[in-house]
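Have a look at the structure below, then the notes.
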Amino acid sequence: MKKTIASLFVLLLATAAFAHAGHHHVYGTVKQLTADALLVHTREGTDATISLTKATLYKRGDADAKRADLVPGVRVIVDMTTDGKSAEIVKIGVGK
Amino acid sequence: MRRAVAVLVIVVVIVAAAAIANLLIRGVSARDQPTIAEMMLARTLRHFAVPMKLRSAANPVPMSAAALQEGREHFADHCAQCHGNDGRGETEMGRSLYPRAPDMTLPETQKLSDGELFAIIRNGVRLTGMPGWGGEHTEQDDWKLVLFIRHLPRMTKEEAQSMKALNPVSPMEMREQQEEREFLSGGDSHK
């Protein structure tokens, strides 16, 4: 019986708050490209390492671009996934 | 027997007291995750809210590239703000609703009949964020939306991305897009 009451309490009280995170954008220039990550020097002056996955899309304007277009010095805007763990879309600039 | 009833009453009182205490302490927030009981109740009520003649109705609009495209454009313009272009509900609005906008690629939505989907679009769902669009759209429009919802599980990321051009854009988003264009073309976009 005690276990039942305890379970009921746990069930009742275990209502977790749900915090959402919006899409986060990173503006900067490419510093380095590795096998699974992009190092970006952000416009705020810091460096950010961003995970790239198979699902990451690369765009230049409205056209599709390639991962290989991420050369050092090129400007990028990275739209992070909603969980903030990796890049969803990397928008690549037209020049350095 | 009496003892069992007494124990049951005590449990009910304790649970009720804990529920009230929890309510008073935490308040009520739409940011909480809906409980399983609430979800089951909501789905049951939604089922009974669908007119009987529609429950087993099949889509009268045949699947075609043109009908699917019309459904896609309509969805991007009217539905994607909450449901997302890919129908997964991962939008700022969709994640903030109570209950959350569902992931429509999953069986919970896909196993609904065409008629049930149609009824939900036209009549909305009470006590949720789902409006009833019946007064705004033609029936043909909504059956084409049903076609598009059926297509969602097979939709590619590229297709969802291409729909962005069809999404309504707020003045703030227009400013953001302008800022992005300036930054990517080498301009000194402000922070």
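Each reported figure results from applying straightforward, stated rules to the coordinates on display, with no laboratory input. A quick note: this is a predicted structure, and the numbers were derived from the prediction, not measured. With ideal geometry, Cβ positions are generated from the backbone for all residues, glycine too; neighbour counts draw on all protein chains shown.
Here's how it looks for A:Gly61: its modeled amide H is under 5 Å from those of A:Ile92, which are all 5 or more places away or on a different chain.
For the range A:27-94, run through the trypsin sites (Lys or Arg not before Pro) and keep only the ones in DSSP coil with at most 11 other Cβ atoms within 10 Å of their Cβ. Here the trypsin sites (Lys or Arg not before Pro) that fit, given the DSSP loop and packing criteria, are A:Lys54, A:Lys66, A:Lys85.
How much mean residue ellipticity at 222 nm does chain B get from its helices, if each DSSP H run of length 4 or more adds -39500 (n - 2.57) and you divide by all residues, to the nearest 500 deg cm²/dmol? Mean residue ellipticity, 222 nm, calculated: -17500 deg cm²/dmol.
Sort out for me the Cα centre separation of the range B:77-113 from the range B:156-171, rounded to whole Å. Using only Cα atoms to place each centre, the spacing works out to 15 Å. The simple Förster model, with R0 at 41 Å and r as the Cβ-Cβ distance, assigns B:Val169 and B:Lys111 a FRET efficiency of 0.75.
Shape analysis of the range A:21-92 places it in the rounded category; the axes a ≥ b ≥ c from the Cα gyration tensor give an a/c below 1.5. Apply 1/(1 + (r/R0)^6) to the Cβ-Cβ distance of B:Ala37 and A:Asp64, taking R0 = 41 Å, and write down the FRET efficiency to the nearest 0.05. So, using R0 = 41 Å, E works out to roughly 0.35.
Whole-percent P(r), the range B:140-185, all Cα pairs, 10 Å bins from 0: 21, 36, 25, 17, 1. For the listed residue pairs A:Lys54/B:Lys164; B:Lys53/B:Lys157; A:Lys66/B:Lys144; B:Lys144/B:Lys164, the alpha carbons are over 29 angstrom apart in B:Lys53/B:Lys157; A:Lys66/B:Lys144.
Which helices of chain B meet both criteria: a Cα extent of 30 Å or more along the helical axis and a mean Kyte-Doolittle score no lower than -1.0, with helices taken as whole DSSP H segments?
Length and hydropathy pass: B:2-26.
A DSSP coil position with no more than 13 other Cβ atoms inside 10 Å describes the following trypsin sites (Lys or Arg not before Pro) in the range B:74-129: B:Lys111, B:Arg126.
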